[in-house]
1. Tell me, yes or no, whether segment 92-101 has at least one residue that is modelled with pLDDT of 85 or more, among the hydroxyl-bearing types (Ser, Thr, Tyr), over 13 Å from His15 (Cβ atoms) and not in a loop (DSSP other than H, G, I, E, B).
2. Going by the structure shown, is Ser119 at pLDDT below 85 and surrounded by fewer than 13 Cβ atoms within 10 Å (Cβ to Cβ)?
3. Determine whether segment 129-143 contains at least one residue that is among the charged types (D, E, K, R), out of contact with any strand residue (DSSP E or B) (no Cβ under 9 Å at 6 or more places or on another chain), at pLDDT 80 or above and under 27 Å from Val11 (Cβ atoms).
4. Just one of (1) at pLDDT below 90; (2) buried (at least 17 other Cβ atoms within 10 Å of the Cβ) trips up Leu4, so point out which.
5. Just name the residue that is nearest to Arg51 (Cα to Cα) out of those in segment 69-89 that are assigned to a strand (DSSP E or B) and among the hydroxyl-bearing types (Ser, Thr, Tyr).
6. Could you run through segment 39-66 and say how many residues are surrounded by fewer than 16 Cβ atoms within 10 Å (Cβ to Cβ) and modelled with pLDDT under 80?
7. In segment 9-50, what residues are in contact (Cβ under 8 Å) with a residue 40 or more places away in the chain and over 18 Å from Ile77 (Cβ atoms)?
8. Among the residues of segment 67-75, are any at pLDDT below 85 and out of contact with any strand residue (DSSP E or B) (no Cβ under 7 Å at 6 or more places or on another chain)?
Amino acid sequence: KKRLLKGDPLVRADHCIGTRTLPSDEVLDFVVDTWVGDYLEKALLSLVEIRSLGGAAMEGMKLPSGNANAIFFADTIVCYDGSSVSPQDKSSIMQEVHQVIVDARNQSELMVDFSGTHSQSDDPSELLPCGDEIFGGHDNYLTIKKVKQTFDSTNRFRFHPFVHLL
């Protein structure tokens, strides 16, 4: 049976982790034991993707984004139909997701929410990534800040998830 990503409302929380080198046993244990956690059982429309990049993907010119340097990558899209989940479970799901992100940040080997398509602007501020992480390095971050200030001085795109960085 195909699950459709529909809900009234559809609630989502997207996050990612990755490593610049092949993941250690500690990282793999974290992914298995924590990243793919119990909260997913309450959020039935959720997706978890785990991939390892290498070979041709790591050669040549890299795209200027945070995930260009991730040899190992795991993301989760915690997703559920807001009309069918109890208020207690909604609160529990988000608390668990936020704790998983805190735990991931405590893993020295992991990059957390370094991709421009993960995390939400309404996440707690202590969970939001910094510009160097999102934009693939300090030089890229400074360039993007300058371009944003030059071409969007009126802040038309203020609702972008990473506007707090720009």
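The values are calculated or read from the model by the stated rules, or taken from the named source; none is laboratory data. Here the structure is a predicted model, which is why all the values come from computation and not from measurement. Cβ sites come from the backbone with ideal geometry, for glycine too, and all protein chains shown count toward neighbours.
1. So far as segment 92-101 goes, yes, one or more of its residues are modelled with pLDDT of 85 or more, among the hydroxyl-bearing types (Ser, Thr, Tyr), over 13 Å from His15 (Cβ atoms) and not in a loop (DSSP other than H, G, I, E, B).
2. no
3. No, every residue in segment 129-143 fails to be among the charged types (D, E, K, R), out of contact with any strand residue (DSSP E or B) (no Cβ under 9 Å at 6 or more places or on another chain), at pLDDT 80 or above and under 27 Å from Val11 (Cβ atoms).
4. Here Leu4 meets the rest and fails (2).
5. This residue is Thr76.
6. Qualifying residue count, segment 39-66: 12.
7. If the condition is that a residue be in contact (Cβ under 8 Å) with a residue 40 or more places away in the chain and over 18 Å from Ile77 (Cβ atoms), then Thr19, Arg20, Thr21, Leu22, Pro23, Ser24, Glu26, Val27, Phe30 are the ones that fit.
8. Yes - at least one qualifying residue is present in segment 67-75.
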